[in-house]
Every structure is written in structure tokens, then in C-alpha cells.
Amino acid sequence: MFDLLPLDGDGRSCYPKEAGSRWESTEVLVVVKAAPQPSAAYGDTVCVAGIRMRESGPEWIRLYPIPFRSMEEYLQFTKYDLIRLQVKPASKDPRSESYIPDRSTIEAVAHLDPWKPRHRYVSPLSSQWTMCGILKAQRAGKEFPSLAVIRPREVRDFKLTLHPGWTPEQAQKLKVNLGQEDLFGDAPKVQLLEAPRFEGKYLYLCEDKTCKGHVQGLLDWELVALERRLKDRDDATAMFEIRKKFFTQMCAPDRRPLFFVGNQLKHPLAFSVIGVYRSQSLN
């Protein structure tokens, strides 16, 4: 039950990762499922981010890798599910929020319907950082989060372009693992992951008074899912429908959107928007 989660405190935005490699049980409210990407080890895999409840309050956690498309149905979950699972610190990823999930232990125990019931979990994290503040901290050699909630002062645009397709390296990763047996048994048969049809980028100002603007790609699974639902539409019509959802509707000023953002392991300054949240009536 969600009421059993501790909510005291504002949570931690920067914290040292636990030492060692001990597995521990945790509960996570899933708020981000990034679009699947080619993986040398798994064919394709998904980065999942969520809100983990600790005694000090809510904090971010990144669960990777999760080869979602090849997982058995009973192990799969949706955004805003509360899942229970075993995790351990990712020793090869220095980002404090990064943990390795034991996906055989994943159990979806509840689902939180929109939107107000979710606010009490997102709200404590929504005023800790600006995008400019994160980048300034990183450049100054100070601690900074690799996952955060950013409140845009103004979302200026959402631009769509045709995706160039997988690079030869990405295509090879997908082919090498296609049809291989999963570590936990026979994996469900999946088709080769198609490249997205479009790429989307947000142009926005964060709440930093000196902000000159940010341009960040959208890596939300929902973008790819909508693209595929529109596969029979021509490019212009599909772009219109996608822009209507992700800009006109989701980023309307009266919805007071929040951006969930995350960076890349190899490029710490390269942040992307990995989810959009409706914060209307957040306070």
C-alpha cells in the first residue's frame, strides 16, 4: 500500500552510493521508462527511473539494465506502478542513483492513478534544482544529481525531425543478441527493435534567472509508442499529432509541466528529458 511508504523529509538529491555489492529489497514508484536502446549485452534494453522511499524521504533511483521487451509478461510493469524488487549498487556506474535490478524479483504491488495521488511523491523533489544549477555544479566540480525534476519557466518549442536510423554499431548490437536465450530461461520471441521514426527536442528556459535556454532530446518510451500508433499517417500528419500531445497539451502553461531529466554515463553534461509530468495543483 502506498500509505505505508515513509514521506517524512524532502529526500536526498545528492548522496553517496552504498559501498559493496549487497542485494537489498526496495520499493520504487516508477515514473520514467525511457525508449529502448541497442545494447551489446541484451540486444536492446530500457533505463527505468523511479522514486525510492527511504527514511530520509523520497529519492531518485535508476534501474539498469532492464531488457523490457524480452521479459516475461509477469515481470513487466507500467509507469506509476509501485514495484518491489532486489537491487544492488552498480559498481561500474559512478552515478549515485544507479543500481542493478534483479529483475527475477520484480513484483508490481500497486498502481497510482493520475494525477493528484502522485503529487505527494514528486513534490518533495520538484524544487531542489534548476537545470542551470545542475550544469554549474558539474562544471565547478561540485556534487550534482544525474536524475532530477526540473520546473521549466517557459517551454518555448518542441521540434521534431526524422530519425536517421540505427548506426552500423547499434544495428550490430541488435542482431548479435536477437534470439539468444535469456539468463532466466527462454526469453519471449521479439522482433528486431526498429529505430524510432522521429527525434524530438524540447527548447525551454529553466527557473534560473540567468537561464539562456536549454535544448534537450526527449527519450520517453511514450514518444516511440505514439509514433508507432501513427505509422499509417504521413510524416507531416504524424508530426502534427505528436507535437499536439507533447507540446500543445502536455506543456500547456496551465498544466505547469515538470521535466524529469537524466544524463548519460559517458557524457555527464548531456542531459535529456526522460519524462514529462503534469503538476497542476501540485501545491
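Annotations
- Which listed residue, of Cys211, Cys251, is closer than 30 Å to Ser96 by Cα, at pLDDT 95 or above and in contact with a Cys (Cβ under 8 Å, 6 or more places away or on another chain): Cys211
- Count - residues of region 134-173 that are in contact with a Leu (Cβ under 9 Å, 6 or more places away or on another chain), farther than 21 Å from Pro36 by Cβ, part of a loop (DSSP other than H, G, I, E, B) and hydrophobic (A, V, I, L, M, F, W, C): 1
- Filter result for Asp235 (touching a Lys or Arg at 6+ places or on another chain (Cβ under 9 Å) and open to solvent by 60 Å² or more (accessible area, probe 1.4 Å)): yes
- Residues in region 248-268 that are within 20 Å of Ala35 (Cα to Cα) and open to solvent by 40 Å² or more (accessible area, probe 1.4 Å): Gln264, Leu265, Lys266, His267, Pro268.
- Counting only strands (runs of 3 or more DSSP E) that sit completely within region 35-133, those holding 3 or more residues that are without any contact (Cβ under 8 Å) to a residue 60 or more places away in the chain and not β-branched (Val, Ile, Thr) correspond to 43-54, 57-66, 98-111.
Residue by residue, here is whether (1) in contact with a strand residue (DSSP E or B) (Cβ under 7 Å, 6 or more places away or on another chain); (2) open to solvent by 30 Å² or more (accessible area, probe 1.4 Å); (3) farther than 23 Å from Val276 by Cβ holds:
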residue: Glu73; (1), (2), (3): no, yes, yes
residue: Asp81; (1), (2), (3): yes, no, no
residue: Ile106; (1), (2), (3): yes, no, yes
residue: Met131; (1), (2), (3): yes, no, no
residue: Phe144; (1), (2), (3): no, yes, no
residue: Arg151; (1), (2), (3): yes, yes, no
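- Matching residues in region 61-83 - criterion: being at pLDDT below 90 and of a type in the set (D, E, K, R): Arg69, Glu72, Glu73
- Region 213-227, residues that are within 16 Å of Lys244 (Cα to Cα) and either part of a helix (DSSP H, G or I) or touching an Asp or Glu at 6+ places or on another chain (Cβ under 7 Å) (or both): Glu222, Leu223, Val224, Ala225, Leu226, Glu227
- Answer residue from region 218-232, given it is touching a strand residue (DSSP E or B) at 6+ places or on another chain (Cβ under 9 Å) and open to solvent by 20 Å² or more (accessible area, probe 1.4 Å) and is nearest to Cys132 (Cα to Cα) among those: Leu219
- Taking region 11-60 as the range and being at pLDDT below 85, surrounded by 14 or more Cβ atoms within 10 Å (Cβ to Cβ) and hydrophobic (A, V, I, L, M, F, W, C) as the test, the residues that pass are Cys14, Met53.
- Single unsatisfied condition, Val176 versus (1) of a type in the set (Val, Ile, Thr); (2) open to solvent by 30 Å² or more (accessible area, probe 1.4 Å); (3) without any contact (Cβ under 8 Å) to a residue 60 or more places away in the chain: (3)
- Leu135 vs. criteria of a type in the set (A, V, I, L, M), under 21 Å from His214 (Cα atoms) and more than 17 Å from the chain's Cα centre (by Cα): yes
- Condition broken by Ser272, with the remaining ones in (1) modelled with pLDDT of 95 or more; (2) of a type in the set (Gly, Ala, Ser); (3) in a helix (DSSP H, G or I) satisfied: (3)
- Residues of region 111-131 satisfying the condition of being among the aliphatic types (A, V, I, L, M) and within 14 Å of Arg52 (Cα to Cα): Val122, Leu125
The values are calculated or read from the model by the stated rules, or taken from the named source; none is laboratory data. Please read these numbers as outputs of a predicted model, since none were measured by experiment. Every residue, glycine among them, receives a Cβ derived from its backbone with ideal geometry; neighbour counts consider all protein chains shown. The area values use the complete protein model at the heavy-atom level, side chains included, leaving out ligands, DNA and RNA. Shrake-Rupley method; radii C 1.70, N 1.55, O 1.52, S 1.80 Å.
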